[in-house]
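Below is one structure, written out as structure tokens, with a few remarks after it.
Derivation of every value follows stated rules applied to the coordinates shown; laboratory data play no part. From a predicted model like this one, the values you see are computed outputs, not experimental measurements.
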Amino acid sequence: MNKIIRTLTLCTLLGSGVAMAQGSSAGQFDIAALSGDLSPKVNINFGTAMMSGFAESMSESNPDLSDILRGVSGLRLMVFEDVDTSGVEPGIQDAIAQLNRDGWSQAMKIESDDTFIDLFMIESAEFVEGMVLLLRDDDDTLVLANMHGELNAAAVGRLLASGKAFDGWNIDFSGQDASITIDDD
């Protein structure tokens with residue numbers, strides 16, 4: 001299950017799976033409020049400028065991914081490990097109900113033993129405007145992610161079909177310390 005967790009987190013982080021400051025964008029969702037008093041091991045909050053920088057860094061090695069990243073206005077990722085996360089579950093359930101009320105589609109739901117994964121998307125006619133990932137594992141791991149912007153679903157489909165979604169990225173999850181680097185070419 002750990003491999004699934006890492007894969008889902010990576011896909012959400014990179015914005016290549018499908019489609020931060022909290023504000024008025026249709027795809028923004030306040031995931032920070034779900035963490036209670038827990039302190040994250042990883043806390044990423046990138047806005048438009050940083051996402052544009054990532055897009056530019058990929059322009060030569062993976063132009064399709066670069067184009068998709070240009071549509072991302074913001075990314076918020078919070079990872080909590082080795083802490084008691086059971087106390088935040090009522091808030092997670094409230095968030096799931098809120099997402100459903102607000103018109104988000106539950107794109108994926110996985111329940112396996114002590115692992116619970118919920119992925120929500122909100123779409124317009126042309127774009128995936130936001131994604132929210134809520135992942136809980138063994139009452140000691142919590143991953144919360146929100147990506148928003150205008151992700152062209154057709155471009156994402158082409159990229160995934162090409163098999164080149166991660167060209168230009170060096171991804172290593174082999175040890176305790178995971179790393180992601182970008183080729184300099």
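Some observations on this one:
- For the pair ASN45 and SER86, the difference between a 0.36 nm per residue extended length and the Cα-Cα distance amounts to 12.3 nm.
- Quarter of the Cα convex hull surface for region 59-137, i.e. its orientation-mean projected area (nm²): 7.2
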